[in-house]
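The values are calculated or read from the model by the stated rules, or taken from the named source; none is laboratory data. Owing to the predicted nature of the structure, the values given are computational and were not obtained by experimental measurement. Cβ atoms come from the backbone with ideal geometry, glycine included; neighbour counts cover every protein chain shown. Heavy atoms of the whole protein, side chains included, go into the accessibility calculation; ligands, DNA and RNA do not. Shrake-Rupley method; radii C 1.70, N 1.55, O 1.52, S 1.80 Å.
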Amino acid sequence: MLTLLDHSVPQPLRAYLPAHTVHTAEQLGWDRLPDGEVITLAEEAGYELPITCDKGIRYQQNLVGRNLSVLVLMYNNWRLIRARVDAITASINEMGAGELREVTII
């Protein structure tokens, strides 16, 4: 699955997604763009799953009709995320196309 980590997601998460082709917003030069623009660019580039820590994305962006799913990690603390990697990967594996899912990290 082609996956994009936005600028708010701790980059070490990449190593825990071996079944995915993972790029970062920073690698693509998208790290300073507004979320809506990143989502649009990601979709146009064929990304299937952007991962973000932006808890407000559900309210800030209209995701209806999009061809990608969005995973929201509710905190961006790497130590806490690392402890929940199994829940994160399970959520990814369960997600359907066009779904927005939030993963509680605490």
| message | Any residue that is in contact (Cβ under 8 Å) with a residue 40 or more places away in the chain, touching a Pro at 6+ places or on another chain (Cβ under 7 Å) and part of a loop (DSSP other than H, G, I, E, B) - is there at least one of those in segment 45-53? | response | no
| note | Selection from segment 93-106 of residues under 21 Å from Y47 (Cα atoms) and either surrounded by 13 or more Cβ atoms within 10 Å (Cβ to Cβ) or of a type in the set (A, V, I, L, M) (or both) yields M95, A97, G98, E99, L100, R101, E102, V103
| remark: When R66 is run through (1) of a type outside the set (D, E); (2) in a helix (DSSP H, G or I); (3) in contact with a Gly (Cβ under 7 Å, 6 or more places away or on another chain), the failure sits at (2)
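Restricting attention to segment 76-92, which residues are open to solvent by 20 Å² or more (accessible area, probe 1.4 Å) and in contact with a strand residue (DSSP E or B) (Cβ under 8 Å, 6 or more places away or on another chain)?
Within segment 76-92, R84, A87 qualify.
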| field | In segment 17-59, residue surrounded by the fewest Cβ atoms within 10 Å (Cβ to Cβ) [restricted to those that are more than 11 Å from the chain's Cα centre (by Cα) and aromatic (F, W, Y)] | value | Y59
| request: Could you grab the pairs with beta carbons closer than 9 Å, sequence gap of 6+ or different chains, first residue in segment 13-32 and basic (K, R), second one part of a helix (DSSP H, G or I)? | output: R32/A25
| Identity of the residue in segment 1-16, surrounded by 16 or more Cβ atoms within 10 Å (Cβ to Cβ) and touching a helix residue (DSSP H, G or I) at 6+ places or on another chain (Cβ under 7 Å), that ends up nearest to E37 (Cα to Cα) | D6
| query | If you take the residues in segment 65-75 that are out of contact with any strand residue (DSSP E or B) (no Cβ under 8 Å at 6 or more places or on another chain) and over 15 Å from M95 (Cα atoms), which one is least open to solvent (accessible area, probe 1.4 Å)? | reply | G65
